[in-house]
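> Have a look at this one before I ask anything.
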Amino acid sequence: MAKRIKSGLKHLRKSAKRAQANLSVKSKVKSLVRAGTTPEAIAAAQAALDKAAARQVIHPNTAARRKSRIMRRASGKAG
């Protein structure tokens, strides 16, 4: 951990701020994913997942996997 180096201290401040912002995005995505199986809810969840992946809050493969699970749940297939 940086103790005296200015750039290190700035990096810690930036990291904390980014982590806080990412936490709120992740929370919103989770609530949208759990919202329901109506077409509007699914579209909103997929849009939120795509946006979070584009902003590198979550990994693109994670977004794809969650979108796949949403669609599988909506179509009624288990597995």
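The values are calculated or read from the model by the stated rules, or taken from the named source; none is laboratory data. Here the structure is a predicted model, which is why all the values come from computation and not from measurement. Please note: Cβ atoms are built from the backbone with ideal geometry, for glycine as well, and neighbour counts cover all protein chains shown.
> If you go through the stretch 1-30, how many residues are loosely packed, with under 11 Cβ neighbours inside 10 Å and either in a helix (DSSP H, G or I) or modelled with pLDDT of 95 or more (or both)?
Taking the stretch 1-30 and keeping what is loosely packed, with under 11 Cβ neighbours inside 10 Å, we get 1, 3-7, 13-17, 19-20, 24, 27.
Remaining after also requiring either in a helix (DSSP H, G or I) or modelled with pLDDT of 95 or more (or both): 6-7, 13-17, 19-20, 24, 27.
Residues in the stretch 1-30 being loosely packed, with under 11 Cβ neighbours inside 10 Å and either in a helix (DSSP H, G or I) or modelled with pLDDT of 95 or more (or both): 11 in total.
> So, in the stretch 31-40, of the ones that are within 16 Å of the chain's Cα centre (by Cα) and assigned to a helix (DSSP H, G or I), which residue ends up surrounded by the fewest Cβ atoms within 10 Å (Cβ to Cβ)? Outline the logic, then answer.
Going residue by residue through the stretch 31-40, those that are within 16 Å of the chain's Cα centre (by Cα) are 31-35.
Subsequent filtering for residues that are assigned to a helix (DSSP H, G or I) retains 31-33.
Numbers: Ser31: 11, Leu32: 19, Val33: 20.
It comes out as Ser31.
> Being surrounded by 15 or more Cβ atoms within 10 Å (Cβ to Cβ) and either hydrophobic (A, V, I, L, M, F, W, C) or modelled with pLDDT under 95 (or both): is that true of Leu49 here?
Answer is yes for this residue.
> Hey, another quick one. Within the stretch 67-79, identify whether any single residue is among the polar types (S, T, N, Q) and without any contact (Cβ under 8 Å) to a residue 24 or more places away in the chain, and answer yes or no.
Initially, the stretch 67-79 is screened for residues among the polar types (S, T, N, Q), giving 68, 75.
Applying the additional criterion that residues be without any contact (Cβ under 8 Å) to a residue 24 or more places away in the chain yields 68, 75.
Yes, the stretch 67-79 has at least one match.
> Quick one: how many residues across the stretch 23-34 are closer than 19 Å to Ala64 by Cβ and not aliphatic (A, V, I, L, M)? Give the steps one after another, and end with the answer.
Looking only at the stretch 23-34, we keep the residues that are closer than 19 Å to Ala64 by Cβ, and these are 25-26, 28-30, 32-34.
Next, only the ones that are not aliphatic (A, V, I, L, M) stay: 26, 28, 30, 34.
So the answer is 4.
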